[in-house]
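Right, one structure below, let's go through it.
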Amino acid sequence: QVQLVESGGGFVQPGGSLRLSCSVSGDAVNSLIMRWYRQPPGKRREFVAAMFDGGRANYAEAVKARFTVSEDATNNTMFLQMNDLKPEDTAVYYCNTGRGGDQSWGQGTQVTVSS
């Protein structure tokens with residue numbers, strides 16, 4: 001069973017940046033399809049970004065050109081670099097891997113964007 005632990009959330013003003021980390025154990029991060037999701041207050045969890053084999057990534061429209069997903073195979077960690085943050089980016093951010101009934105989720109990390 002893959003285990004995921006997120007970190008790096010916090011409070012930031014609009015226009016600021018944060019980098020989230022997702023530490024992976026139980027498998028190699030670069031052998032997995034890894035995803036970021038977020039759940040804004042009072043809303044459903046939504047897709048943010050995914051990284052596939054070979055470094056290919058895709059993003060939700062709301063975060064394209066502002067967020068970048070990457071991996072560090074040496075430290076078995078996935079990152080989400082978030083730039084030009086907006087209040088609507090406020091959410092609990094989760095990393096995820098797997099499919100269907102065989103998925104792993106981290107505990108989440110809170111990101112709050114406010115002036």
Those residues that are closer than 19 Å to THR109 by Cα, open to solvent by 70 Å² or more (accessible area, probe 1.4 Å) and either of a type in the set (Val, Ile, Thr) or in contact (Cβ under 8 Å) with a residue 12 or more places away in the chain (or both), I need them from region 21-42; list them, please. PRO41
Just wondering, is there one or more residues in region 9-20 that are in a loop (DSSP other than H, G, I, E, B), touching a helix residue (DSSP H, G or I) at 6+ places or on another chain (Cβ under 9 Å) and open to solvent by less than 50 Å² (accessible area, probe 1.4 Å)? no
I need a count of the residues in region 82-105 that are surrounded by 15 or more Cβ atoms within 10 Å (Cβ to Cβ), part of a strand (DSSP E or B) and not aromatic (Phe, Trp, Tyr). 8
Tell me which residues, restricted to region 49-60, are surrounded by 11 or more Cβ atoms within 10 Å (Cβ to Cβ) and outside any strand (DSSP E or B). PHE52, ALA60
State whether one or more residues within region 71-79 are hydrophobic (A, V, I, L, M, F, W, C), open to solvent by less than 40 Å² (accessible area, probe 1.4 Å) and not in a strand (DSSP E or B). no
Which residue pairs have Cβ atoms closer than 8 Å, lie 6 or more positions apart in sequence or on different chains, and pair a first residue in region 80-99 that is at pLDDT below 95 and of a type outside the set (Val, Ile, Thr) with a second residue that is part of a loop (DSSP other than H, G, I, E, B) and surrounded by fewer than 14 Cβ atoms within 10 Å (Cβ to Cβ)? none
Using the structure shown, decide if ARG45 is of a type in the set (Lys, Arg) and either open to solvent by less than 30 Å² (accessible area, probe 1.4 Å) or within 20 Å of LEU4 (Cα to Cα) (or both). yes
Give region 61-70 a look and list any residue that's assigned to a strand (DSSP E or B) and open to solvent by 60 Å² or more (accessible area, probe 1.4 Å), or say none. THR68
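The values are calculated or read from the model by the stated rules, or taken from the named source; none is laboratory data. On a predicted model such as this, the values are computed, not experimentally measured, just so you know. As a convention, Cβ positions derive from the backbone with ideal geometry for all residues, glycine included, and neighbour counts pool all protein chains shown. Accessible surface is based on the protein model in full, side chains and every heavy atom, while ligands, DNA and RNA are left aside. Shrake-Rupley method; radii C 1.70, N 1.55, O 1.52, S 1.80 Å.
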